[in-house]
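Notes for the one structure printed next.
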Amino acid sequence: MFNSMDAGKKPMEDFYDGYIVNAIIDACYKSAETKKWEAVEITNWRGESSSATEVALKDYDERIS
């Protein structure tokens, strides 16, 4: 990160990448607490006009017929 700052370049990972990782970790902690699959909740704040929250959840507990 510091090398990128010194060179005036954007680092490979940025603040938004860290936000995504933390959202995933939060879902993992919640899942460990509830003993269920939990959604990864990501608030879209990257300059989009809507303030919607995206939720990515796939139900792995249902049987596939």
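What number of residues within the stretch 27-43 satisfy the criterion of being of a type in the set (Asp, Glu) and surrounded by 14 or more Cβ atoms within 10 Å (Cβ to Cβ)?
2
Which of the residues belonging to the stretch 14-24 are open to solvent by 70 Å² or more (accessible area, probe 1.4 Å) and of a type in the set (A, V, I, L, M, F, W, C)?
PHE15, VAL21, ILE24
Please indicate, with yes or no, whether at least one residue in the stretch 21-43 is modelled with pLDDT under 85 and assigned to a helix (DSSP H, G or I).
So far as the stretch 21-43 goes, no, none of its residues is modelled with pLDDT under 85 and assigned to a helix (DSSP H, G or I).
Report, ordered by the first and then the second residue, all pairs with beta carbons closer than 8 Å, sequence separation of six or more or different chains, a first member in the stretch 6-20 that is under 21 Å from ILE42 (Cα atoms), and a second member that is open to solvent by less than 70 Å² (accessible area, probe 1.4 Å) and β-branched (Val, Ile, Thr).
Pairs found: TYR19/ILE42; ILE20/ILE42.
The values are calculated or read from the model by the stated rules, or taken from the named source; none is laboratory data. Nothing here was measured: the structure is a model prediction, and the numbers come from that model. Don't worry about glycine lacking a Cβ; one is built from the backbone with ideal geometry, like all the others, and counts go over all protein chains shown. All accessible areas refer to the heavy atoms of the entire protein, side chains included, with ligands and DNA or RNA removed. Shrake-Rupley method; radii C 1.70, N 1.55, O 1.52, S 1.80 Å.
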